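Here the structure comes first, spelled out in structure tokens, and everything after it is commentary.
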Amino acid sequence: MSLADGGRGVLEGRATFTLAHRAERALFLLVWAVLARWTPPGMARWRALILRAFGAEVGRGARVYGSARIWLPRNLTLGPGAVIGPRVTVYSMADIRLGAGAVVSQGAHLCCGSHDITSPGFELKTARIEIGPGAWVAAEAFVGPGVSMGEGAVLGARAVTFGDVPAWEVWAGNPAKRLKNRPREALPQVARDAAPGANG
């Protein structure tokens with residue numbers, strides 16, 4: 001994405017992003033508020049259509065609840081059957097990718113942005129987030145910039161992670177720590193179907 005002044009405007013009161021970038025986000029917020037936020041869960045296809053119109057990649061059967069807050073749709077990719085639940089914050093300052101059948105539950109926060117605390121300019125820093133197929137970010141959990149959650153990984157309710165969560169492991173707490181393994185048999189069918197070579 002395009003940053004104005006290299007992200008140096010935070011402490012100086014200047015805009016971090018270009019005017020065009022800010023206008024794009026403002027238009028999406030307006031459209032989402034008028035046409036999507038109030039819609040019932042069953043209108044997932046309609047909300048997916050709006051997200052696609054603003055550049056998001058939304059796989060078949062993926063669902064985003066109307067109360068979710070998405071910063072920039074064109075940085076969002078949802079695999080088949082992926083779910084972004086109620087009141088989820090998708091702070092997509094960089095790419096956020098959810099694999100097939102991945103679930104982000106109510107009130108969770110996916111945050112791609114931070115600041116360089118070693119610099120006097122306090123510059124903005126962004127890094128992508130990857131949520132693997134069949135992974136689950138539970139209610140009100142926080143996923144920080146640059147985090148990758150592997151296939152079938154679980155981040156427990158209200159957990160906080162700034163590091164990767166390996167495939168088929170369950171992590172919880174603040175900071176999140178490994179609790180146990182998750183059985184591979186728990187992979188949702190939609191994720192199995194989307195796996196490379198699944199259809200022969």
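Values quoted throughout were computed directly from the atomic coordinates according to the rules given, and no laboratory measurement underlies them. Treat the numbers as computed from the prediction; the structure is a model and nothing was measured.
Below are the figures for this structure:
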| item | result |
| --- | --- |
| The chain: translational diffusion in µm²/s, Stokes-Einstein, Kirkwood Rh over Cα pairs, 37 °C, 0.692 mPa s | 189 µm²/s |
| Share antiparallel - DSSP beta bridges, the chain, percent rounded to 5 | 20 percent |
| The chain: angle of helix 44-53 to the longest principal axis, Cα-based, in degrees nearest 10 | 40 degrees |
| Distant-in-sequence amide H partners of Ser67 (H built 1.01 Å from N, under 5 Å) | Arg87 |
| Top of Trp46, Trp168, Trp32 by mean-square fluctuation, Gaussian network on the chain, Cα under 10 Å | Trp46 |
| Residue of Glu24, Glu185, Glu140 that the Gaussian network model of the chain assigns the largest fluctuation, springs spanning Cα pairs under 10 Å | Glu185 |
| In degrees, nearest ten, helix 19-35 long axis to first principal axis of the chain (Cα) | 50 degrees |
